[in-house]
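Here the structure is laid out as structure tokens; the discussion comes afterwards.
All of the numbers you see were taken from the coordinates with simple rules; none came from a lab. These numbers were taken from a predicted model, which means no experiment stands behind them. Neighbour counts run over all protein chains shown; Cβ positions are idealised from the backbone, glycine included.
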Amino acid sequence: MRATTLLVALCVAAAAAGAEEAAPQTIEQLVKQAREERILENQALEAREREFQEAKDRQQALLEELQAELTAERAHGEDLKQRYEDNDTTLSAQETALREKTGSLGELFGMARQVAKDTQSLLATSLVSVQRPKREQRLGQLAERKDNPSIEELEQLWLTLLGEMEESGKVVRFNTTVTLASGEEKTQEVIRAGIFNIVSNGRYLHYLPETGRLVELGRQPQGRYLSLAEDLQAAKTGLVSVALDPSRGSILSLMVESPDFIEHIQRAGIIGYVILALGGIALVIVGERFVVLTLTRRKVEQQRSGQGVGEDNPLGRLRRVFNSHEGLDADSLALKLDEAMAVEVPRYKRWLPILAVFATAAPLLGLLGTVAGMIDTFQSMSLFGAGDPKLVSGGISLALVATELGLLVAIPILLLHSWLHSSSNRLIQVLEEEVASLVARREEPSHGHAG
């Protein structure tokens with residue numbers, strides 16, 4: 001049974017060996033072949049076992065090596081951790097000591113950064129930047145950094161401030177591109193008076209830091225300031241008077257924006273023109289009255305100093321009445337002279353009541369214009385709100401222009417009316433004295449005869 005089983009196994013093994021090898025013919029060959037194959041198989045198994053054992057030994061060695069490295073690294077990590085804790089303690093102590101030793105240096109460096117920011121803004125709008133553009137970029141690193149600045153950066157800030165101070169006391173001529181009021185760009189000579197004003201061809205310029213351009217002001221300041229700019233442009237050496245703007249353009253802008261006399265009147269509107277018309281009519285009346293009263297007073301003085309009777313002055317006409325009624329008594333003559341005076345007085349009081357009316361009406365018209373302007377201002381406030389102070393102050397300013405014009409016209413009219421009234425009263429007083437003298441002269445013969 002066992003031999004039969006072995007034979008079957010050998011047959012199966014022989015069949016699996018492959019078609020190329022010849023199948024054994026006898027049992028002895030089959031047994032021999034099986035033994036040979038068993039030997040080969042054992043050898044292969046032993047080789048594989050040796051390979052597995054060698055691989056296991058290598059893995060064990062590697063594992064031991066890695067475990068040793070892990071142990072070493074853990075020890076190194078513990079050492080580093082201990083060193084970190086020791087260094088952190090030391091660093092904290094040193095930082096505390098540093099803060100104690102530096103004291104106010106932190107505030108000083110903070111102030112330096114703030115000064116750098118302010119200087120950066122100052123240089124960006126300075127007139128010196130027309131010649132030296134982008135100077136402020138060198139201070140950007142110092143202004144933005146968080147840690148303490150270096151000595152070189154502090155020296156750069158110091159030198160920049162000194163340079164700006166030096167340029168503020170110089171008058172420099174140079175050529176650059178100027179945008180004229182017409183919009184044309186032209187290269188021409190400009191003069192920079194320190195950091196305050198810059199002029200070209202006798203006209204003031206404005207620096208736009210956003211674009212780095214010089215723009216000619218569309219509206220120039222008053223004539224005397226233009227003459228100073230022209231003198232500065234024409235001067236080559238020596239001392240020259242010049243108007244400086246310490247606000248670096250703000251005052252000049254306000255002066256340019258301030259309205260002239262015509263614009264000031266236009267702000268008052270139709271009421272302003274009415275007030276000026278009253279003032280003009282009043283001046284004509286004052287001129288006419290001044291001429292009439294002056295000429296009449298001179299003729300009356302000449303008539304009083306002479307003996308003749310003239311028809312071109314009131315005293316001469318009164319004397320003519322006296323001479324033409326020689327037969328009348330004093331009372332009748334007085335009536336005749338009073339009648340003549342009633343004719344003469346209105347000639348020298350003419351137009352004076354109208355001047356008084358104008359002096360009263362001008363401020364009332366100005367008040368009317370102010371009320372109308374205030375109404376418009378309050379309406380604008382109701383529409384746009386009162387959050388913008390310029391809107392409120394601008395409207396009130398326009399409203400008060402009418403009152404200003406009314407007072408400017410009324411006060412001179414009032415003074416001139418008072419002066420003309422006094423002059424006419426003095427002339428009338430002279431005539432009344434002459435009338436009393438003529439009546440007294442007519443009474444003298446009757447009193448002498450009665451005595």
(Q) Positive end of the dipole of the stretch 89-171, charges at C-beta (+1 Lys, Arg; -1 Asp, Glu), about the Cα centre: which of GLN114, LEU162, SER126 has its Cα farthest in that direction? (A) SER126
Q.
Could you check the spin-label model distance between GLU184 and VAL240? Points 7 Å from the Cα along Cα→Cβ, value in nm.
A. 2.3
Q. Of LYS299/LYS336; LYS134/LYS236; LYS117/LYS170, which sit over 28 Å apart, Cα to Cα?
A. LYS134/LYS236
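What's the ranking of 180-189, 160-169, 404-413, 221-230 by average number of surrounding C-beta atoms within 10 Å, highest first? It would help to have the intermediate numbers written out before the result.
On the way: 180-189: 10.9, 160-169: 13.5, 404-413: 20.5, 221-230: 15.3.
The peptides rank, most packed first, as 404-413, 221-230, 160-169, 180-189.
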Q: For THR71 and SER382, compute 0.36 nm times the residue count separating them, minus their Cα-Cα distance, and round to one decimal in nm.
A: 103.5 nm
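Expected output is a single nm value to one decimal: the length gained when fully extending between ARG441 and LEU80, i.e. 0.36 nm times separation in residues minus the C-alpha distance. What is it? Before the final figure, lay out each step's value.
Values: separation 361, 0.36 × 361 = 129.96 nm, distance 13.97 nm.
Stretched fully, the ARG441-LEU80 segment lengthens by 116.0 nm.
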Q) aspartates and glutamates near LYS81 by alpha-carbon distance under 14 Å, same-chain residues fewer than 8 away left out - which ones? A) GLU73
**Q.** Cα centroid separation, the stretch 156-197 to the stretch 66-124 (Å)
**A.** 46
Q) If we sort 40-51, 235-246, 24-35, 205-216 on the protection proxy, mean other Cβ atoms within 10 Å, highest first, what's the order? A) 205-216, 24-35, 235-246, 40-51
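So how do 62-68, 151-157 stack up, highest first, on mean other-Cβ count within 10 Å? Before the final figure, lay out the partial values.
Details: 62-68: 10.0, 151-157: 14.4.
So the peptides 62-68, 151-157, ranked by packing, come out 151-157, 62-68.
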